[in-house]
Amino acid sequence: PYLARARDGVARLGALVRAMSESSRMERAIEAAEPEDVDLRDVVRGCADGYRPLIGARRLECQLPESPLPLHGAPELIAQALDKLLDNALSFTPPDGRLRLSLSATPDGAEIELANQGPMLPAAMQGRLFDSLVSLRDKATPGDAPHLGLGLYVVRLVAERHGGIASARNLDDGSGVAFSLRLRG
């Protein structure tokens, strides 16, 4: 039993070192991304179209503004942040559940929100969700690679790179959660 515990400890330390290295690499890549003028409707629409074949029986509703929503930003980073939000949402959304991806203008830019049916956010975790190495997912089963908790951290970095913030809230009707990415134009 001592040897097994020692092996588990070494494996956890190795995963932590890999996660820290990956986190540092992601931070550098996000900082180096070149901004360009984009219509966020195209970015969000393209992501939604790409997600539909990946979500199984779940339903994805996509709400976009009627007019262009221009932003000077890095579209590949915004798409990567949405990928992380979708991956997170799929972990908690029931197989027959609903997802809603929406884009709206704000006074200083735009807000992208991904809402999903599923469990509510624990109050104690709401302020820490976007920190590095934090995860609410179930612990991996033996033999599985541990979940490193970097997805929502990437979302936060992308939001900050665009002068904005990432946030999460429980839906008012108690049916799930919504994660938002506020970006400044």
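The values are calculated or read from the model by the stated rules, or taken from the named source; none is laboratory data. All figures in this text were calculated on a predicted structure; none of them were measured in a lab. Glycine also receives a Cβ, built like all others from the backbone with ideal geometry; neighbour counts cover every protein chain displayed. Please note that ligands, DNA and RNA were not included when accessible areas were found on the heavy atoms of the full protein model with its side chains. Shrake-Rupley method; radii C 1.70, N 1.55, O 1.52, S 1.80 Å.
Taking the Cα centre of segment 33-114 as origin, sum charge times position over the Cβ atoms of Lys and Arg (+1) and Asp and Glu (-1), and report the length of that vector in debye to the nearest 20.
Roughly 540 debye for segment 33-114.
At 1.4 Å probe size, put 96, 39 in order of accessible surface, largest to smallest.
96, 39
With all protein chains present, calculate the accessible area of residue 153 using a 1.4 Å probe and round the result to the nearest 10 Å².
20
Tell me, what HN-Hα J-couplings in whole Hz come from the Karplus equation 6.51 cos²θ - 1.76 cosθ + 1.60 at θ = phi - 60° for each residue of segment 101-106, using x for Gly and Pro?
For segment 101-106, the Karplus curve yields 10, 9, 10, 9, 7, 10 Hz.
Taking the full set of protein chains and a 1.4 angstrom probe, give the accessible area of residue 71 in square angstrom, rounded to the nearest 10.
The value for residue 71 is about 10 Å².
Roll a 1.4 Å probe over the protein heavy atoms and report the accessible area of residue 111 in Å², nearest 10.
40
If DNA, RNA and ligands are ignored and the probe is 1.4 Å, what is the ranking of 180, 175 by accessible area, most exposed first?
Reading off the accessible areas and sorting them downward yields 175, 180.
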